1. I want to verify a result. In a Gaussian network model of the chain, Cα cutoff 10 Å, which of these has the top mean-square fluctuation: ALA135, ALA85, ALA169?
2. How large is the dipole of the range 102-162 about the Cα centre if only Lys and Arg carry +1 and Asp and Glu carry -1, each at its Cβ, rounded to the nearest 20 debye?
3. Can you put GLU323, GLU20, GLU385 in order of Cβ neighbours within 10 angstrom, beginning with the fewest?
4. What is the order of MET88, MET302, MET310, fewest Cβ neighbours within 10 Å to most?
5. How are the C-alpha pair distances of the range 259-392 spread across 10 Å bins, as whole percents from the shortest bin up?
6. Of the peptides 258-264, 26-32, how do they stack up when ordered by the mean number of other Cβ atoms within 10 Å, highest first?
7. Among PRO63, PRO138, PRO53, determine the one that fluctuates most according to a GNM of the chain built with springs between C-alpha atoms less than 10 Å apart.
8. Counting only other residues whose beta carbon sits under 13 Å from that of ARG261, what net charge do I get with K and R as +1, D and E as -1?
Amino acid sequence: MSNDRKPASRIAHAGETEIESLTDPLVAPIYQTTVYSYPDISAVDDVYEHREPGYIYSRYGMPNHRLLESAMAQLEGTQAGLATATGMSAISAVIFGTLSAGDRIVASNQVYGGTRNLLDQDVQRLGIEVTYVDARDPDQVRQALSEPANMLYVEGITNPTINVLDLAALGEIAREAGVYFVVDSTFATPIHAGPVDHGADIVIHSTTKFIAGHNDVSGGIVLGSEEILDPIRQVAIRFGGIGGPFDAWLVLRGLKTLALRMRQSSSNALKLAEALHGHRAVERVRYPGLGNHPQHQIAKRMLREGYGSMLSIDVRGGRQAVETVVQRLEMIRFVETLGGLGTTVVHPATTSHRSVDSAVKEELEISDGLLRFSIGIEEPEDLIEEVVTALDSVRLS
Ligand SMILES: *Cc1c(COP(=O)(O)O)cnc(C)c1O
C-alpha cells in the first residue's frame, strides 16, 4: 500500500497482505477472516460455479472447517462433511435439511436430552411427526417403519444407560424401508464404531465431546455423501449455526490425539467396570465390555478397539447414596458433559433427565441411583481407588 495515504487509511487495511515464504506452515493457520476478496468479477463466476476452489464468506465455508471436515470424512468413510457450531446445530441441520412438514421420523427413545427436546418441541411443532421406539428391539423398529416414514434416528451407544444398538440390523431395516438412517455416534467416536459400515446414510458427532476432547470448545459435524449433504449444508447456511475458525482449529487439534485418548480411556473404563462389578454398594454396572452386559455380544460386533469410555452404575440407596458418592469424589468432577481428558460424572435424574416425567424415566431405566461416568486418561489405579473409596463410604441400611 502506498505510503502517501494517511495513517487512518493505512491501518484500516493493515494485514491485508499475503505472507511471502518459500516454506509452508506445518500446522494450518487459523484463518481468522470472515471474507475473501476476489481478483476480478470473472473469479466470482468461477468460485460460485465451483470451477475454481475459493472461499467467499465464513458462513458458507472456511479453510479451517474444510480441513476438519475432510479429516472426519476420511475417518468415518464418507464422501463429505459439514462442520457446525455445536452438535445441536448439526442435528437440526440434518432434520430440517432433509425433511418437510408431513414427513415422519422414527426415533430411538434413548437419545441425548437436547435431541429429545428438539424432536418434542420444534420438529413436531413444524409438522414433522415423531414416533419413538425402543431401538434395542429391531422388530419394534420394523413395525414402526411399516407406516410411511422418512428417517430412522438413533444413537449407537445410548445415553445415559449405555445400551448398544445393533446398527447392522437397524441399517438393513432402514434400507428396506427406504428411509434415511441417521446415527449420532458421539459416544462411540470414529475409533470405536463405524456406522457407515452398517448402513448409516448420515453420521453426526457433537465434536464438543471426545473429538475435541479438552472441554474447551463446542462443535458439531455431519458426515455423508455430497448428494445427501448438499441440502443439509444449504439449511445450515440459512439457519446460521456455523462456528468460527478458531473453534474448528481447536477441534482438529483435539482430533489428532483421539485414537490415543480413546485407547487409554476405554481400557480404563473396562478396568473400572471390572473393579466395580460386585461392589456391595453397586446394584449394576452398565458397561458393554462386561460379559453380563445385555448387549455384550452385539457390542462385540458393533464396537472395535475396546468398548468405549462411557460407563454408568446404579448405586444402591438412591439419591442419598449418590450424594455421598459425588461428595467423596475428588479428582472426578461433577459436570454436565462428557468426553474430556479427565474422568467426570453426572447424575442424569437431576440434570439431563430432570424434566422427564417419572414414568418415562422408569421406562428408560433412569433411577435416582444412576451415575454416568465419562472415563478419562488417568492412571487406572488412581481411578479405581477413588471410585471404590467413594462407594465404600455409602452406608447401606
Ligand atoms: C452433547 C451431545 C449432543 C449435543 O451436542 P452440543 O455440542 O452440546 O450441541 C448431541 N448428541 C449427543 C449424544 C451428545 O452427547
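1. Of ALA135, ALA85, ALA169, the most mobile in the Gaussian network model is ALA169.
2. Numbers: 5 positive and 9 negative charges, 15 e Å.
Charge dipole, the range 102-162, about its Cα centre: 80 debye, nearest 20.
3. Numbers: GLU323 16, GLU20 5, GLU385 13.
Ranked by crowding around the Cβ, least crowded first: GLU20, GLU385, GLU323.
4. On the way: MET88 19, MET302 25, MET310 29.
Sorted ascending by nearby Cβ count, the order is MET88, MET302, MET310.
5. With 10 Å bins starting at 0, P(r) equals 13, 44, 36, 7, 0.
6. Values: 258-264: 17.4, 26-32: 12.7.
Answer by packing, highest mean first, reads 258-264, 26-32.
7. Of PRO63, PRO138, PRO53, the most mobile in the Gaussian network model is PRO53.
8. Values: positive: LYS209, ARG253, LYS256, ARG263; negative: GLU305, GLU378.
Local charge sum for ARG261: +2.
Taken together, the values in this text are just the output of simple stated rules run on the coordinates, not laboratory data. Keep in mind the model is a prediction, meaning the values are calculated, not measured. No Cβ is skipped: glycine too gets one built from the backbone with ideal geometry, and neighbour counts run over all protein chains shown.
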